[in-house]
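These notes concern the structure reproduced below.
The values are calculated or read from the model by the stated rules, or taken from the named source; none is laboratory data. No experiment lies behind these values; they were computed from the predicted model shown. Methodologically, a virtual Cβ is constructed for each residue, glycine included, from the backbone with ideal geometry; neighbour enumeration extends over all protein chains shown. SASA here: full protein model, heavy atoms, side chains in, ligands and nucleic acids out. Shrake-Rupley method; radii C 1.70, N 1.55, O 1.52, S 1.80 Å.
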Amino acid sequence: MQEYDVVVAGGGPAGLQFAREIGNRTDYSVAVLEANRSLADNDKSTGGTFDQVVEGFDVPDEVVMSSNPAVVFEASDASERLAIPNHVLDFPRFLEFLGRDAEAHGVDVVTGARVTGPVVEGGEVVGVRCPNGPESEIRADLVVDATGPAGALTTKLGMWDPSKAQRGIGKEFEVTGTFDDDAMLFRFDHEFAPGGYAWVFPAGDGAFKAGVCWIDDFYERHGRGSGRDRDIDAYVRRWLDADP
C-alpha cells in the first residue's frame, strides 16, 4: 500500500496545477492519478485564456499558439471589440508541461490510473481506490477530487449529484487557413450556436480554432432543425461556411 501526504484524482489543469503548487511550495509527498494513458489525452479545452493565467502560472512560450491584444464579442446585429489581452494555448502541450513541472518538484504523476472511489474509515476519507494504478488502494492525509463533472470521489461521498447538473456539449475544429484578426472572437447567435456561443481563435501561422458549444436545456429551447441538422458537427461547419 502506497502512502502520500496528498493524493489528487484527475490530471487535468486544475489537478496538475494544484499538485505543481504544493510540490513547489512544500515538502509534502504528492501523487496525481490520471485515468488516461497520456496527460495530453485529457484534451477538453479550447485553450483560450488571459494574462492572469499565463503570467501568474509561469506558462512558457512553447505552449502558446498565439497572443492577441483584443477580444471581439459578436451578435447577429452588433459587434464590440475590447482591449483585453489574451492567449491561445496548445492545450495538450500545456497539460504535458504542467505534468513535467510538477514532477520536477517531486510530484508523482501516474497515468493510466483510474480512481473509482474513496477509501473511508471511521467516517473519514483516508485514501482512494485505484484498481489499475500502482496499488489498488493509495492512502493520503489529504485527498483532492479534480475529476471534473465525473466526481469520482464526491459522487460516492454524497457531495455531488451529476444527474442534477446542467449538461453541455462542445466541438472544436483546428483549421488550416487564415483568420485575419488578432483577437479571440466570440459569437452569440442562435443560428450558429443555439443556447450557447461559437468562437474563432487564432492558432499561430496558417491555422485557427473554430467551435461551437451549448447548454443542453438552453439548446432545446432555442435549437432549430432535426436529425443531422441538430448534430453539433453540422453547426460548426455551418459557422465556418457562413462567416468569411
The chain, Gaussian network, Cα under 10 Å: of LEU157, LEU89, LEU39, the residue fluctuating most is LEU157
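Per residue of the chain, what 222 nm ellipticity follows from adding -39500 (n - 2.57) for every DSSP H run with n ≥ 4, rounded to the nearest 500?
Numbers: 5 runs with 51 residues, N = 244.
Computed mean residue ellipticity for the chain: -6000 deg cm²/dmol.
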Note: probe point = Cα of PHE73 + 7 Å toward Cβ; backbone nitrogen < 16 Å; residues of the stretch 174-192 passing the test are 184-190
Subtracting the Cα-Cα distance of LYS171 and GLN52 from 0.36 nm times their residue separation yields 40.3 nm
Extend 7 Å from the Cα of ASN24 along its Cα-to-C-beta direction; within the stretch 60-94, residues with backbone N under 12 Å of that point are 60
Plugging the Cβ-Cβ distance of THR178 and ARG81 into 1/(1 + (r/R0)^6) at R0 = 25 Å yields, to the nearest 0.05, a FRET efficiency of 0.85
Rounded to 0.05, the calculated FRET efficiency for the beta carbons of ALA14 and ASP241 at R₀ = 45 Å is 0.80
Between ASP61 and ASP205, the FRET efficiency computed from the C-beta separation at R0 = 22 Å comes out, to the nearest 0.05, as 0.90
Taking 0.36 nm per residue of separation between HIS190 and SER45 and subtracting their Cα-Cα distance, the length gained on full extension comes to 50.0 nm
Computed over the chain: longest principal axis from alpha-carbon atoms vs helix 232-242 long axis, angle to nearest 10 degrees, is 40 degrees
Taking the alpha-carbon centre of each part, the distance from the stretch 1-46 to the stretch 70-119 in Å is 14 Å
With every protein chain kept in place and a 1.4 Å probe, the stretch 99-244 has an accessible area per residue in Å² of 55 Å²
For the chain, longest principal axis from Cα atoms; helix 13-25 axis from its Cα atoms; angle between them, nearest 10 degrees, is 50 degrees
By the Cα gyration tensor axes a ≥ b ≥ c (a/c under 1.5 gives rounded; else a/b larger than b/c gives prolate, otherwise oblate), the shape of the stretch 93-188 is oblate
If one compares the long axis through the Cα atoms of helix 91-104 with the longest principal axis of the Cα atoms of the chain, the angle in degrees, nearest 10, works out at 30 degrees
ARG114 and ASP5 label points (each 7 Å along its Cα→Cβ direction) are spaced in nm at 3.2 nm
Pseudo-spin-label distance HIS105 to ALA234, built 7 Å along Cα→Cβ, given in nm, is 4.8 nm
